[in-house]
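The block underneath contains the structure these notes are about, expressed in C-alpha cells.
The values are calculated or read from the model by the stated rules, or taken from the named source; none is laboratory data. On a predicted model such as this, the values are computed, not experimentally measured, just so you know. When we count neighbours, we look across all protein chains shown, and the Cβ atoms used for this are built from the backbone with ideal geometry, even at glycine.
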Amino acid sequence: MKNKLTQMPVYAPATSDEPVEVLGHRIQQFATTRPDHPALISEQGTTNWQALLDQVNQIANRLREAGLETGDSVAALSENSADYVTLYLGVLTAGGCMVPLSGMASAESLSLMLSDCGARFLFVSQKNRELLQGFRDQLKELPDDHIVALDKNGEGIGQALSNWVRNASTEAQPVEVTLDDAFNIIYSSGTTGTPKGILHDYRFRQRQMVRMSRFGLDGDAINLVSTPLYSNTTLVSVLPTLFHGGTLVIMGKFDTRRFLELAEKHRVTHAMLVPVQYQRILADDKFDQFDLTSFKLKLCTSAPLRPDVIADAMARWPGNIREVYGLTEGGISTSLDCAAHPDKWSSVGKPTEGAEVRVIDEDGRELPAGETGELVGRAISMMRGYVNRPEQTREMLWESPEGDIFYRSGDMGRIDEDGFVFILDRRKDMIISGGFNIYAVDLEKVLLAHPAVEDTAVIGIPSEHWGETPLGLVVLKPGQEESPSAILDWANAQLGKSQRLSVIELRDELPRSTIGKILKRELRTPYWEAAGH
C-alpha cells in the first residue's frame with residue numbers, strides 16, 4: 001500500500017522548509033513532561049499520559065512484530081472508547097495508515113471498504129461482533145490472528161486486545177515517516193454501493209493540527225468528544241488535542257444529559273458538535289442548571305448552524321462558537337467567529353489562513369462576488385485523492401486560470417462583498433441527518449428494486465430530532481397495492497442504520513423537467529415552508 005498511496009498526486013500548496021512533527025514521535029515526550037496529566041477520560045476510567053504511551057507503544061511494537069509495514073492499512077470497527085483512541089495512536093506510531101469504519105454501514109459496504117484499502121489488520125468492538133459475522137467469510141486476505149477484539153473480551157473473535165499485546169515492549173520506537181506517507185483513509189459513504197476512500201497524508205493532518213491549535217485545542221484543552229471517531233468531524237478536534245498533550249473526555253454514544261453532566265464534572269473547555277446536537281442540548285429542560293462556565297469554545301461543522309440556534313447558544317452557553325465549513329477531502333476551508341460577526345450568522349464565515357474559495361458556474365467559469373454557483377476551494381490541507389479511483393478524483397478538480405488546482409464542493413453558494421461565504425443549496429441531492437451524509441441515489445436504488453415500485457424520489461425534509469430526515473416518494477406500478485409501511489420496512493431492512501427512511505408516501509406521479517429530471521426542489525419546498533424555513 002505504501003508505494004501506491006505515496007505515488008498519488010499532491011494537490012496541496014507547497015511550503016518551503018516545512019518541519020515534520022510526526023504525531024507518533026511528538027506524543028512520546030508527554031511521558032516525561034506530563035506523565036500524570038490526564039490524557040483520556042472515559043467510562044473505562046482515567047488514563048494519564050504515561051500509562052497511555054505505554055499502551056500505545058505496546059500496540060505499535062506488536063503490530064510491527066506481526067508484519068505491519070510503513071503505509072499498511074489497519075482498520076477499526078468500533079464505537080468511541082479509550083481503547084479505540086489508544087489503537088489509533090498505536091497504528092500511527094507503528095507507521096500504519098488508520099482506517100476507521102462506521103458501524104452504521106451495511107455488511108456489504110464494510111467488506112468493500114476493507115478490500116479497497118487492503119487492510120492488514122482489523123480491530124472490532126463487542127458491539128460490532130454480530131455485524132462482523134455478516135461479512136467475515138468475505139475477508140479472504142485477513143487471517144484469524146489479524147482480527148482482534150477491541151475490548152477485554154475476545155468472544156466471537158478469539159483474541160482480546162489485552163492478550164494480543166501482552167508480551168509486547170513498552171519501549172518507544174516510533175517509525176520514521178514523511179509528509180507524503182499515508183496517515184488515514186476516511187470513507188465518505190459507507191452504507192450501500194461503492195464507497196470512496198479519502199486519503200489524508202501527514203502533510204494534511206500536520207497542517208490541520210497546527211491550525212486548529214490556534215482555537216485553543218492545545219495542552220490545556222479538555223475536549224469533550226461526542227461524535228464518532230470514524231468521522232473527519234471528530235478528528236479535526238481530537239488530533240490537535242492529542243498533538244499538544246491535552247485531555248479527551250470520551251463518550252461512547254451521545255446523550256444530551258450525559259454530555260451536560262460530563263461537561264460540568266470535568267470542567268470541559270472545548271467540544272466539536274454538529275447542528276442537531278446543539279439543538280438537543282439547548283432543548284434539555286435541565287440545561288440552565290448545569291455549570292458550563294469552563295467552556296472557552298464550541299466548534300460546529302458538518303452542516304450550517306441556523307442563526308436562531310447560534311443566538312440561543314451565545315445567550316445561554318458560556319464561551320464562543322466557531323463554525324467550520326469544509327470537506328473531508330480538504331480544499332474548502334472557512335470559519336465563522338460568531339462572537340465577532342453577529343451580523344453574519346447566516347454565513348459559514350471567511351476562508352481560513354492559506355485558503356481560497358471561489359464560485360463557478362456549470363461550465364466551470366468563475367463568477368463574481370454575489371452570484372450563485374458551485375463553491376470550489378484550495379487550502380493548505382488537501383487530500384491526496386480517492387484511493388483506487390483516479391477518475392473520480394479528477395472529476396473533483398477545477399483548475400483556475402492561474403493554473404492552481406481547486407476542489408469542487410458540490411455545494412451551491414455565494415460570496416458576499418465582505419468575503420463571507422453563504423451556502424444556499426446542495427448541488428447534489430445529499431441529505432444531512434444527525435450530522436451524517438445520506439445520498440438519495442443510494443436509497444432510490446433500493447426502493448426501485450422493490451417489485452411494486454414504478455418510480456421514486458428521496459428528499460430531505462425537516463426533522464426536529466435529526467435536522468433532516470429522508471422521505472421516500474413512491475409511484476406504484478399499475479395494479480399494485482403495496483402499503484407504504486410494507487415498502488418502508490422492506491427498504492430499511494437493506495439499508496445502513498444511518499440511512500433509513502423515515503416515511504414512505506405514495507404519489508400518482510413525480511414532477512419532471514422537460515428533459516426528464518425529477519424536480520426535487522419542487523418536491524421539497526412544501527415540507528420546508530410548512531416548517532417555517
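Please give the number of the condition Ser346 fails out of (1) small (Gly, Ala, Ser); (2) in contact (Cβ under 8 Å) with a residue 40 or more places away in the chain; (3) touching a Ser or Thr at 6+ places or on another chain (Cβ under 7 Å).
For Ser346, the exception is condition (3).
Here's a check for you: in region 481-533, which residue that is assigned to a loop (DSSP other than H, G, I, E, B) and among the polar types (S, T, N, Q) is modelled with the lowest pLDDT?
Of everything passing the filter in region 481-533, Thr514 is modelled with the lowest pLDDT.
Which residues, counting only those in region 110-161, are of a type in the set (S, T, N, Q) and either more than 23 Å from Pro228 (Cα to Cα) or touching a residue at least 24 places away in the same chain (Cβ under 8 Å) (or both)?
Ser111, Ser115, Ser125, Gln126, Asn128, Gln138, Asn153, Gln159, listed by residue number.
Could you list, in sequence order, the residues of region 49-75 that are closer than 19 Å to Thr178 by Cα, in contact with a strand residue (DSSP E or B) (Cβ under 9 Å, 6 or more places away or on another chain) and small (Gly, Ala, Ser)?
Gly71, Ser73 - these are the residues of region 49-75 that are closer than 19 Å to Thr178 by Cα, in contact with a strand residue (DSSP E or B) (Cβ under 9 Å, 6 or more places away or on another chain) and small (Gly, Ala, Ser).
Could you tell me whether Ile186 is of a type in the set (A, V, I, L, M, F, W, C), within 27 Å of the chain's Cα centre (by Cα) and under 30 Å from His266 (Cβ atoms)?
Yes; evaluated as a whole, the condition is true for this residue.
Out of Glu391, Glu454, report the one residue that is within 30 Å of Asp180 (Cα to Cα) and among the charged types (D, E, K, R).
Glu391
Which condition does Leu110 not pass, out of (1) over 21 Å from Pro174 (Cα atoms); (2) out of contact with any strand residue (DSSP E or B) (no Cβ under 7 Å at 6 or more places or on another chain), if it passes all the others?
Exception for Leu110: condition (2).
Take residues that are touching a Leu at 6+ places or on another chain (Cβ under 9 Å) and modelled with pLDDT under 95 and tell me which of the helices (runs of 4 or more DSSP H) falling wholly in region 125-231 contain 3 or more.
The helices (runs of 4 or more DSSP H) meeting that bar are 202-213.
In region 362-392, what residues are part of a loop (DSSP other than H, G, I, E, B), surrounded by fewer than 24 Cβ atoms within 10 Å (Cβ to Cβ) and not basic (Lys, Arg)?
Glu362, Asp363, Gly364, Leu367, Pro368, Ala369, Gly370, Glu371, Thr372, Ile380, Asn388
List, please: which pairs have Cβ atoms under 6 Å, are six or more places apart or on different chains, and start with a residue in region 476-493 that is over 13 Å from Leu447 (Cα atoms) and end with one that is surrounded by 11 or more Cβ atoms within 10 Å (Cβ to Cβ)?
Pairs that qualify, where the first residue is over 13 Å from Leu447 (Cα atoms) and the partner is surrounded by 11 or more Cβ atoms within 10 Å (Cβ to Cβ), are Gln480/Ala452.
Pick from region 108-123 the residues that are within 19 Å of the chain's Cα centre (by Cα) and more than 13 Å from Met98 (Cα to Cα): which of them is surrounded by the most Cβ atoms within 10 Å (Cβ to Cβ)?
The residue in question is Leu110.
Could you check Arg257 against (1) of a type in the set (D, E, K, R); (2) touching an Asp or Glu at 6+ places or on another chain (Cβ under 7 Å); (3) farther than 25 Å from Glu468 by Cβ and say which number it fails?
(3)
Mind checking which helices (runs of 4 or more DSSP H) fall wholly inside region 1-71 and carry at least 1 residues that are farther than 19 Å from Gly95 by Cβ and either in contact with a helix residue (DSSP H, G or I) (Cβ under 9 Å, 6 or more places away or on another chain) or touching a residue at least 40 places away in the same chain (Cβ under 8 Å) (or both)?
Because the criterion is at least 1 residues that are farther than 19 Å from Gly95 by Cβ and either in contact with a helix residue (DSSP H, G or I) (Cβ under 9 Å, 6 or more places away or on another chain) or touching a residue at least 40 places away in the same chain (Cβ under 8 Å) (or both), the helices (runs of 4 or more DSSP H) in region 1-71 that meet it are 30-33, 49-65.
Would you confirm whether any residue within region 81-93 is closer than 20 Å to Asn163 by Cβ, over 25 Å from the mean Cα position of the chain (by Cα), surrounded by fewer than 24 Cβ atoms within 10 Å (Cβ to Cβ) and modelled with pLDDT of 95 or more?
no
What is the one condition in (1) crowded, with 16+ Cβ neighbours inside 10 Å; (2) out of contact with any Ser or Thr (no Cβ under 9 Å at 6 or more places or on another chain) that Glu21 does not satisfy?
All conditions pass for Glu21, except number (1).
Out of Ala283, Ala303, Ala340, Ala313, which single residue is more than 22 Å from the chain's Cα centre (by Cα), under 21 Å from Thr234 (Cβ atoms) and among the aliphatic types (A, V, I, L, M)?
Ala313
With the requirement that a residue be more than 26 Å from Leu110 (Cβ to Cβ) and charged (D, E, K, R), what does region 458-513 give you?
Within region 458-513, Glu464, Lys477, Glu481, Glu482, Glu505, Arg507, Asp508, Glu509, Arg512 meet the criteria.
Does Leu5 satisfy being at pLDDT below 95 and not acidic (Asp, Glu)?
The answer is yes for Leu5.
Tell me yes or no: at least one residue of region 42-51 is crowded, with 24+ Cβ neighbours inside 10 Å and within 19 Å of Asp151 (Cα to Cα).
For region 42-51, residues crowded, with 24+ Cβ neighbours inside 10 Å and within 19 Å of Asp151 (Cα to Cα): absent.
Scanning region 493-522 for residues that are surrounded by 18 or more Cβ atoms within 10 Å (Cβ to Cβ) and of a type outside the set (Val, Ile, Thr), which turns out farthest from the chain's Cα centre (by Cα)?
Leu501
Those residues that are touching a strand residue (DSSP E or B) at 6+ places or on another chain (Cβ under 7 Å), within 20 Å of Ser102 (Cα to Cα) and at pLDDT 75 or above, I need them from region 412-451; list them, please.
Across region 412-451, the qualifying residues are Ile431, Ile432, Ser433, Gly434, Ile438, Ala440, Leu443.
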